[in-house]
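S.K.: Okay, here's the structure, questions in a sec.
The values are calculated or read from the model by the stated rules, or taken from the named source; none is laboratory data. Only a predicted model underlies this, so the values are computations on that prediction, with no experimental measurement involved. As a convention, Cβ positions derive from the backbone with ideal geometry for all residues, glycine included, and neighbour counts pool all protein chains shown.
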Amino acid sequence: MKTTDIPAGHRKDHMGRLVPEKQIKAIDLARDELVREIVAKAKAQSDSLAAFKRGAFEDVDAFVDLSAEQYGVRLGGKKGNVSLRSFDGRFRVLRAIAENITFDERLKAAKALIDECLKEWSEGAAAELQTIVQDAFRVDQEGNIRIQQVLGLRRLNIEDERWQRAMTAIGDAIQVVGSRSYIRVYERVGETQYWSQIPLDVSAVPL
């Protein structure tokens, strides 16, 4: 039932039933009014943040293009991560684009090759590596492979040809499934080398 279909003097409850307002307790009406007021303000803030983010991205992109033009270069497409600082070094703006990646079925081939290596290598070395590998392939609370831990295996300096093939398989299994973009704004803490992020997330804003 649409809001416009609700008869005057009635409210729709959480089960979709029409209830005459005179039968609703005053405290329930007051709660409803408060919730709707906060939701309206939250939506307005969300729209404002969305407009800020779009504008900030456009401004940073325009500045990157302006800077590149000094060298006769024209940039196209995504321009990647950019960090800009104020002249006095007090403020910093970070524009970041993070790719969301996952692994396809070739990750199973990589795991099988790694298991072969662990079975044949000396028992002492295998015990240490077994912990590293099992931790890397352990899933998180949502049942997803922990991507950074798996990618971290490629930093191990192991010459075995099967291990190298496993690392190649891990690289080939990477699939980019999208990206997320961020604008982060920082202010230097006094005269120190530390930065304090200006919160744009309601949960991070101090009361």
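S.K.: In this structure, is V202 exposed (fewer than 13 other Cβ atoms within 10 Å of the Cβ), out of contact with any Leu (no Cβ under 8 Å at 6 or more places or on another chain), under 19 Å from I145 (Cβ atoms) and not charged (D, E, K, R)?
M.R.: No.
Yes or no, residue by residue, for (1) modelled with pLDDT of 90 or more; (2) within 29 Å of T192 (Cα to Cα):
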{"site": "V35", "(1), (2)": "yes, no"}
{"site": "Q70", "(1), (2)": "no, no"}
{"site": "K78", "(1), (2)": "no, no"}
{"site": "R85", "(1), (2)": "yes, yes"}
{"site": "R92", "(1), (2)": "yes, yes"}
{"site": "E99", "(1), (2)": "no, no"}
{"site": "A125", "(1), (2)": "no, no"}
{"site": "T131", "(1), (2)": "no, no"}
{"site": "V139", "(1), (2)": "no, no"}
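S.K.: Restricting the search to the range 133-157, which residues are small (G, A, S) and loosely packed, with under 11 Cβ neighbours inside 10 Å?
M.R.: Of everything in the range 133-157, just one residue is small (G, A, S) and loosely packed, with under 11 Cβ neighbours inside 10 Å, namely G143.
S.K.: Condition first: touching a strand residue (DSSP E or B) at 6+ places or on another chain (Cβ under 8 Å) and assigned to a helix (DSSP H, G or I). Now tell me which residues in the range 4-28 satisfy that.
M.R.: Within the range 4-28, just E21 meets the criteria.
S.K.: Give the range 145-157 a look and list any residue that's touching a residue at least 24 places away in the same chain (Cβ under 8 Å) and outside any strand (DSSP E or B), or say none.
M.R.: Correct list: I147, V150, L153, L156.
S.K.: Working only within the range 140-168, note down all residues that are among the hydrophobic types (A, V, I, L, M, F, W, C) and over 15 Å from I101 (Cα atoms).
M.R.: Selection gives L153, L156, I158, W163, A166, M167.
S.K.: Can I ask one more? Under 6 Å by Cβ, and 6 or more places apart or on different chains, what pairs join a residue from the range 52-75 that is of a type in the set (A, V, I, L, M) with one that is assigned to a loop (DSSP other than H, G, I, E, B) and at pLDDT 90 or above?
M.R.: The qualifying pairs do not exist here.
S.K.: Would you confirm, using the coordinates I've provided, whether L207 is modelled with pLDDT of 80 or more, closer than 30 Å to G55 by Cβ, in a loop (DSSP other than H, G, I, E, B) and not polar (S, T, N, Q)?
M.R.: Taking the combined requirement at face value, the residue does not satisfy it.
S.K.: Within the set of pairs 6 or more residues apart or between chains, which connect a residue that is farther than 22 Å from N100 by Cβ inside the range 181-207 to a residue that is loosely packed, with under 11 Cβ neighbours inside 10 Å and modelled with pLDDT under 90 with Cβ atoms less than 7 Å apart?
M.R.: P199/V205
S.K.: Looking only at the range 167-204, how many residues end up being over 21 Å from G89 (Cβ atoms), among the polar types (S, T, N, Q) and in a strand (DSSP E or B)?
M.R.: 3
S.K.: Considering each of V19, V64, V35, V60 in turn, give the residue that is surrounded by 11 or more Cβ atoms within 10 Å (Cβ to Cβ), more than 30 Å from I97 (Cβ to Cβ) and among the aliphatic types (A, V, I, L, M).
M.R.: After applying the criteria, what remains is V19.
S.K.: Condition first: more than 24 Å from A51 (Cα to Cα) and at pLDDT below 90. Now tell me which residues in the range 175-189 satisfy that.
M.R.: Listed by number, the residues that qualify are Q175, V176, V177.
S.K.: Return the residue satisfying two criteria in turn: it lies in the range 158-199 and is among the basic types (K, R) and under 26 Å from the mean Cα position of the chain (by Cα), and of such residues it is surrounded by the fewest Cβ atoms within 10 Å (Cβ to Cβ).
M.R.: R180
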